[in-house]
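This report concerns only the one structure given below.
The values are calculated or read from the model by the stated rules, or taken from the named source; none is laboratory data. In this text the structure is predicted, and so the values were computed from the model without any measurement. Positions of Cβ are backbone-derived with ideal geometry, glycine not excepted, and every protein chain shown enters the neighbour counts. With ligands, DNA and RNA removed, areas are computed over all heavy atoms of the protein, side chains included. Shrake-Rupley method; radii C 1.70, N 1.55, O 1.52, S 1.80 Å.
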Amino acid sequence: MKQGKIIVISGPSGCGKGTVIGELLKLDKNFKLSVSMTTRAPRPYERDGIEYYFVSKEEFERKIKAGDLLEYTCYNSNYYGTPKSELEKAQAEGTDILLDIEVEGAENARRAGLNNLITIFLIPPDFEELKKRLELRGTEDATTIKNRLIRAEEELKEKDKYDYIVVNDCLEDAVKDIYEIIKK
Ligand code: 5GP
């Protein structure tokens, strides 16, 4: 069976990563999302096992110790990590897998020496737009938004380490650009 691609998509919080990934998943049935594990509280619309596996800090630390995670990070006081089982499942099914992970996770994925890895950094058209999108989303309080914006500035400095940089100015174009990159 043909080995699927592993596509890492990073980008600052509020840049529209989730929406872009959602559109990619609709576009191609051979794309699967890598469901991450997190200790963050679920947002009202999020379902366990679909957007994330929501676990306690103790459970997450057990997974780290057991070596069950490909990579993990601490982001705004919560753990986030990619279960190895997500990649194994995709490999067994021959599907391409999309990883929505931040810059440290992307670096660890590069270091893991994975075959067929493509890394893409999605950027918002400008910083003001990012702030507006985070405020409009309305899922975080003011302190969390402030912390996410500080982190966004740090993350933007890492963009040149990625194979591709895509600007999310227009959703349709960004999705099309990423689709073409994956299919190249
Ligand atoms: P959010 O709380 O907005 O869902 O995610 C916060 C950040 O964590 C986003 O930048 C997202 O890409 C990143 N993230 C989600 N899952 C993982 C993961 O498994 N590993 C890493 N390193 N980052 C993740």
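Structure notes:
- Condition check for Asn108: among the polar types (S, T, N, Q), surrounded by fewer than 14 Cβ atoms within 10 Å (Cβ to Cβ) and closer than 29 Å to Lys29 by Cα: no
- Members of segment 7-35 that are within 11 Å of the chain's Cα centre (by Cα), over 20 Å from Ile165 (Cβ atoms) and part of a strand (DSSP E or B): Leu33
- Test: residue in segment 131-152 that is in contact with a Phe, Trp or Tyr (Cβ under 8 Å, 6 or more places away or on another chain), outside any helix (DSSP H, G or I) and either closer than 30 Å to Ala66 by Cα or without any contact (Cβ under 8 Å) to a residue 40 or more places away in the chain (or both): no
- When segment 4-16 is filtered for residues that are modelled with pLDDT of 95 or more, open to solvent by 10 Å² or more (accessible area, probe 1.4 Å) and either of a type outside the set (A, V, I, L, M, F, W, C) or over 16 Å from Lys183 (Cα atoms) (or both), only Lys5 remains.
- Residues within segment 56-77 that are near the ligand (Cβ under 8 Å from one of its atoms) and open to solvent by 40 Å² or more (accessible area, probe 1.4 Å), tallied: 2
- Residue within segment 7-25 that is touching a Phe, Trp or Tyr at 6+ places or on another chain (Cβ under 8 Å) and away from the ligand (no atom under 14 Å from the Cβ) present: yes
- Number of the condition not met by Phe127 [criteria: (1) touching a residue at least 24 places away in the same chain (Cβ under 8 Å); (2) in contact with a helix residue (DSSP H, G or I) (Cβ under 8 Å, 6 or more places away or on another chain); (3) open to solvent by less than 60 Å² (accessible area, probe 1.4 Å)]: (3)
- Test: Glu93 is under 22 Å from Ala41 (Cα atoms) and either touching a strand residue (DSSP E or B) at 6+ places or on another chain (Cβ under 6 Å) or away from the ligand (no atom under 11 Å from the Cβ) (or both): no
- Candidate set: segment 36-55, residues that are in a loop (DSSP other than H, G, I, E, B) and open to solvent by 60 Å² or more (accessible area, probe 1.4 Å); chosen: the one farthest from Leu99 (Cα to Cα): Pro44
- Taking (1) more than 11 Å from the ligand (Cβ to nearest atom); (2) open to solvent by less than 30 Å² (accessible area, probe 1.4 Å); (3) within 17 Å of the chain's Cα centre (by Cα) in turn, Lys84 satisfies each apart from (2).
- Tabulated pairs, segment 26-37, first closer than 15 Å to Lys5 by Cβ, second open to solvent by less than 80 Å² (accessible area, probe 1.4 Å) and of a type in the set (S, T, N, Q), C-beta under 9 angstrom, 6+ apart or interchain: Lys29/Thr95; Asn30/Thr95; Phe31/Thr95; Lys32/Thr95; Ser34/Thr82
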